[in-house]
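**Student:** One structure, pasted below without further comment.
The values are calculated or read from the model by the stated rules, or taken from the named source; none is laboratory data. Predicted model, so just to flag it, every value in this text is computed and none were measured. Virtual Cβ from ideal backbone geometry, glycine too; neighbours counted across all protein chains shown.
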Amino acid sequence: MYIVQIASECAPVIKAGGLGDVVYGLSRELETRGHCVELILPMYDCMRYDQIWGLHDAYRDLWVPWYGGAVHCSVFCGWVHGRLCFFIQPHSGDNFFNRGCYYGCTDDYMRFTFFSKAALEFLQVSNKRPDIIHCHDWQTGLVPVLLYEINAWHGMANQRVCYTIHNFKHQGIGGADILWSTGLYREDYYFQYDRLRDNFNPFALNLMKGGIVYSNFVNTVSPHHAWEARFGEFGYGLGHTLEIHHHKFGGILNGIDYEFWSPECDRFIPHQYTPETFEIKAQNKKALRDRLLLQDVDKPIICYIGRLDEQKGVHLVHHAIYYALHNGAQFVLLGSATEPGINDWFWHEKRFLNNNPDVHLELGFNEELSHLIYAGADMIVVPSNYEPCGLTQTISMKYGTVPIVRGVGGLVNTVFDRDYDQLHLPEERNGYVFYQTDRHALESAMERAIGLWKHYPEEFQKLAIQGMNCDYSWKDPGDKYLGVYEMIRHK
Ligand code: ADP
């Protein structure tokens, strides 16, 4: 099959979170099975150019229709760790992708509206006719709309779209300029409730809703979150739309790329290890302490890796730091906050705890350090308010770091409580789960984990190795995505 992924991220060249990992990992899995995969990405000024091999211009004069005129673009092409990527660079005064950031601009919805339009235009004029176009999140929600309403009339009637939603919270809300810029001129038609009109604001269009309505298949990134989004509050207003389109909606758990995330072959950690040589993990713990100037004492290291924002349960993350310190554990945090209030709060904590030899807060994004933390820590906390899938718990398990998680979204599908899980055999359990959002719930799970580490170290090691032996690779999700592609391709 010929598959084109259109996305706003692809690790490691463009990565703000799990979306980048998934776009890369899924593409690699599909290619190893013999399918042809190409990626179309924006050419951001701030992406990691050092992660692209052989960057060259592939299509010099791409004219993208825009507001009745056209924007001149160049398309560059290069390999990101073996994946063939096309990068779209517009030459317009809007400087859509020269902002020094991936997201966070007030005109984000127009930046990615343009990207969606340009990606399809590129496919159209370069005569690329993939069997499947796979798009991701609100940034590319307009792709199936444009494909069906415009490009299908210009030789692209046979392309099918799979649309994956990684986070329902950000939906891409905008006004009629989305329509006028892209050539979708019939305002009344697109503003209908069963098309792009936002479910709550009758004067706004919702790009993610467009993606759901127009795609051939829609999925979110875990079965449990698919249920939560459709029936609970985590659809952020799109539950009714999902209900209407439930026949083409499902949940497929994200995999992780074990070529990149595996303690056996990880280039970023000083000492490689396997479940059979688990004792070597202690040397990485020592290396982590040396690097972060933590004291070398007989205490477990608990870590947090991830964005610092409401979704991730920042208040519980904060509480976990102090609970660990007061209960004989060390704490390492690696996180970045986009909200100024949360950023200031953690910078304040960092200064406050600066001289404490049992804690280190690293504020910012650091891929390489994240590997050392996964390898060196004993436990990881993931107290999310909601979590479509979550990758940090599955990555940490691979490194023998025991997850302590809140039972929501994909965390429910991947972490099984050592003491209380009733659906899995004791030898299949791999962590600790709590359900409430208050600190007592978190404390009870942390207490059980720290207690096992201190009083039954052999049992703790057994639990960690059981986590290492779980298979959260792309194998099973790869089968599922291919099943979806096959299904929609023959419709
Ligand atoms: P998100 O909601 O951000 O997508 P996920 O758990 O799905 O969360 O994915 C997070 C990914 O980003 C993981 O690969 C994690 O290691 C990485 N990550 C998150 N924050 C940081 C950071 N500050 N530095 C390095 N890597 C990070």
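**Student:** Does the stretch 275-297 contain at least one residue that is of a type in the set (Gly, Ala, Ser) and within 14 Å of the ligand (Cβ to nearest atom)?
**Tutor:** No, the conditions are met nowhere in the stretch 275-297.
**Student:** Same structure again: Could you tell me whether any residue of the stretch 5-16 is in contact (Cβ under 8 Å) with a residue 24 or more places away in the chain, exposed (fewer than 15 other Cβ atoms within 10 Å of the Cβ) and away from the ligand (no atom under 16 Å from the Cβ)?
**Tutor:** Looking for residues that are in contact (Cβ under 8 Å) with a residue 24 or more places away in the chain, exposed (fewer than 15 other Cβ atoms within 10 Å of the Cβ) and away from the ligand (no atom under 16 Å from the Cβ), one finds none in the stretch 5-16, hence no.
**Student:** So which of Asn355, Asn343 ends up being away from the ligand (no atom under 11 Å from the Cβ) and either in a loop (DSSP other than H, G, I, E, B) or in contact with a Pro (Cβ under 6 Å, 6 or more places away or on another chain) (or both)?
**Tutor:** So the residue among Asn355, Asn343 that is away from the ligand (no atom under 11 Å from the Cβ) and either in a loop (DSSP other than H, G, I, E, B) or in contact with a Pro (Cβ under 6 Å, 6 or more places away or on another chain) (or both) is Asn355.
**Student:** Another question, then. So is Val23 crowded, with 22+ Cβ neighbours inside 10 Å and assigned to a strand (DSSP E or B) or not?
**Tutor:** So Val23 fails the test.
**Student:** Note down all Cβ pairs under 6 Å where the first residue falls in the stretch 84-113 and is at negative phi and not assigned by TED's automatic domain parsing to the domain that holds Ile40, the second is modelled with pLDDT under 95 and part of a loop (DSSP other than H, G, I, E, B), and they're at least six residues apart or on different chains.
**Tutor:** Pairs found: none.
**Student:** Give just the number: which of (1) in contact (Cβ under 8 Å) with a residue 60 or more places away in the chain; (2) buried (at least 18 other Cβ atoms within 10 Å of the Cβ); (3) within 16 Å of the ligand (Cβ to nearest atom) does Tyr236 not satisfy?
**Tutor:** (2)
**Student:** Mind checking whether some residue in the stretch 445-464 is free of Cβ contacts under 8 Å to residues at least 12 places away in the same chain and touching a strand residue (DSSP E or B) at 6+ places or on another chain (Cβ under 7 Å)?
**Tutor:** No, because not a single residue in the stretch 445-464 is free of Cβ contacts under 8 Å to residues at least 12 places away in the same chain and touching a strand residue (DSSP E or B) at 6+ places or on another chain (Cβ under 7 Å).
**Student:** Please go through the stretch 299-317 and pick out each residue that is closer than 22 Å to Asn167 by Cβ and not small (Gly, Ala, Ser).
**Tutor:** Tyr304, Ile305, Arg307, Leu308, Asp309, Glu310, Gln311, Lys312, Val314, His315, Leu316, Val317
**Student:** OK, next. Which of (1) out of contact with any helix residue (DSSP H, G or I) (no Cβ under 7 Å at 6 or more places or on another chain); (2) away from the ligand (no atom under 16 Å from the Cβ) is the odd one out, the single condition Met47 does not satisfy?
**Tutor:** (2)
**Student:** Now, a different point. Would you be able to tell me the number of residues in the stretch 80-97 that are over 21 Å from the mean Cα position of the chain (by Cα) and of a type outside the set (S, T, N, Q)?
**Tutor:** 6
**Student:** Within the stretch 115-130, identify whether any single residue is crowded, with 18+ Cβ neighbours inside 10 Å, touching a Gly at 6+ places or on another chain (Cβ under 9 Å), aliphatic (A, V, I, L, M) and at pLDDT 95 or above, and answer yes or no.
**Tutor:** Checked the stretch 115-130: no residue is crowded, with 18+ Cβ neighbours inside 10 Å, touching a Gly at 6+ places or on another chain (Cβ under 9 Å), aliphatic (A, V, I, L, M) and at pLDDT 95 or above.
**Student:** Of the residues Gly328, Gly335, which is within 16 Å of the ligand (Cβ to nearest atom), touching a residue at least 24 places away in the same chain (Cβ under 8 Å) and either out of contact with any Asp or Glu (no Cβ under 7 Å at 6 or more places or on another chain) or under 19 Å from Ala464 (Cα atoms) (or both)?
**Tutor:** It is Gly335.
**Student:** Got a sec? Which of Ile301, Ile373 is more than 25 Å from Glu259 (Cα to Cα), surrounded by 14 or more Cβ atoms within 10 Å (Cβ to Cβ) and touching a residue at least 12 places away in the same chain (Cβ under 8 Å)?
**Tutor:** Among Ile301, Ile373, only Ile301 is more than 25 Å from Glu259 (Cα to Cα), surrounded by 14 or more Cβ atoms within 10 Å (Cβ to Cβ) and touching a residue at least 12 places away in the same chain (Cβ under 8 Å).
**Student:** Name every residue in the stretch 144-182 that is of a type in the set (Val, Ile, Thr) and touching a helix residue (DSSP H, G or I) at 6+ places or on another chain (Cβ under 6 Å), in order of residue number.
**Tutor:** Listed by number, the residues that qualify are Val145, Val161, Ile178, Thr182.
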